[in-house]
Each structure stands twice: as C-alpha cells, then as structure tokens.
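What follows is a set of notes on a single structure, which appears directly below.
What follows is calculated from the coordinates using simple rules that are stated; it is not laboratory data. Keep in mind that this is a model prediction, so the values were computed, not measured. Methodologically, a virtual Cβ is constructed for each residue, glycine included, from the backbone with ideal geometry; neighbour enumeration extends over all protein chains shown.
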Amino acid sequence: MHGSRGHHRHGGVLTGINGVSRGTWGWAALFALLASMGISWRLLPLRDPQRSDSQVRDVPGLLKAVSRRPEFAFGFRNVLADVAWLQAVQVAGNPEMVPAEYDRLYALLNMEADLDPKFEIPYLLGGLVLGESPLHGREALRVFDRGKVSHPIDWRFPFYMGFTHYFCLGDAIAGGRAMAEAALLPGSPAYLPGLASRMLSEGKEPEVALKLLEPIVRQESDPSRRAVLERRIREVTVERDLQALERAVESYRENTGTAPRELADLVRAGILPGIPEEPNGGRYLMEPGGAVRSDQVSRRLRVFQKK
C-alpha cells in the first residue's frame, strides 16, 4: 500500500497505528489536553441530516481551528488527522447520504489533508464517495487534486479525476485528458492510453461507459474503492436498461397507437427478446403512461440523459 502511514482505515475501524507518537500514550495525552481545556473528545458533532448546508460547511470545534493552523497541534497532527478521518468514515458509511452529509464529508477530508497531506487513502476513497453525488463532482475533483499535489507521480490521482469528469460530470474531453495524463506516469496500467482515446472520441453512451468501467474495476485492488466502482457499474447498467426499455415503449406506441400496459407486452409484440435483469436484485416497472423505472433506484444518472 502507498502512503506515509502504515495503516488502513475503513468502515469505522482504524488498525495498525505505528510509532510511539501514535501509541496509547499519545491518545491519552491528547485527551488529557482536551479535558484540561474543557473540550469534548468528540471534536465534531455526530452527523445530523437536518442541519443546513451552511451549518455543515461551518464545522465547529478545535479540530477545524487546529487544521487551519497545524503548527498549533503540538505534535498531535497525526492523531488529530485520525480523528478527522474516523469522522469522515462515519459519515461516508451511511448508505443513504444527503447533500449536507456530502458537504460535511468534504470539510472533514480537507481537515484531514491539512493535518496530514501525505496520507493518500482519504483523497482516493473520499473523492470517489463525493463523486457519487451529482452535486459534489467539483468537490471530488478538488479532493483528488489536493492528493495529486502531495503525490505528483502517483497515476491514480489524475486517473480518478478522469473517472469523475466522465462519470459524474459528463465531461468526456476533460476525462480523456486526465486519463492521458495518468498514462504518462510511472506504474500506470498499459490500457490507459486506449481508455483515454475512447473517452475523447466516443459519445457518452451507457454501453460505452460500461466498457470503460470494466478495466477500471479490474485494476482496483482496494475493497472499499472497488465497492464504490461496482455501485457505479450497477447505476450505469440500470440507466442503459431504462433507455432501452424507453425506446421499446416508444416503438410499441408507434406501432399500436397506445402505450403498453406492462413491460411483458414489449416481449409479446416482438420488440424485445426479454426484460433485462435489474442488477440490484429488483425489477423494472412500467407506470401508467409508459414511464419506466427500477424499483431499487430512485435517481437517474443525469450524465447519460439526452440533451
């Protein structure tokens, strides 16, 4: 594993803390210091989905203040960085994050980076999680860019910037350019030049996107980041299927003058060979009037919607 610290944190668990300054006495000394100042160990409040976006962005507490002036951490920079990362993992572990929680995650990732800019895992995982929100693609890019500044020869940062440009923001040109930049760095996969050229030359179609995603998922060995990518594959698969079903409904309407009553009518009419399998274990449903949806996905991917 790359990085300046010999530990990996995911799912609310921190393991493998190395060095005397990261040991038990370090935490005890920090808690004693905070207690003497009358400050709770919970340097940030637990997430509250009811908080407004402005409240979330203005994260209170000692952690925020010290992250702005890390020289005042008095030897506890790594410990405080761990606190910020554990809070970020807690927020990111919520499977149904609301926009305010993405804002809070972004603030926590920046605090962690202020305190320990060389630790690369928060940039990579945090940026991918932010990119799952249609409203936070730019924040994801800023997180990856901070990582790139701290790790200028690590191909993964421009690589995931290209991923975010394409799959979150729908910018194939910026995505291809970032992938091309990653391809020039040492250790990058041999398929990256081809991936970059396809992004630059092909349209933003779900079928193309799935072909681009396959090698990205194969190269990712980290389980947490791979899980985010696999979720994106399922989202793109649903969008591909819904677009195909919508085209079939339109063909049925043109042929018969009416909308089908159910998706099975499309098969009986010979327009489709069968109803595709919903990748999340659910079903595709047709509503009155011919609209099609998945019973497992509440939000369509805007990136692949026709203008």
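With a Förster radius of 22 Å applied to the C-beta separation of residue 234 and residue 259, the computed FRET efficiency comes to 0.20.
What the Cβ-Cβ distance of residue 149 and residue 298 gives, at R0 = 35 Å and to the nearest 0.05, is a FRET efficiency of 0.45. From least to most packed, judged by other beta carbons within 10 angstrom and beginning with the fewest, 271, 216 follow the order 271, 216.
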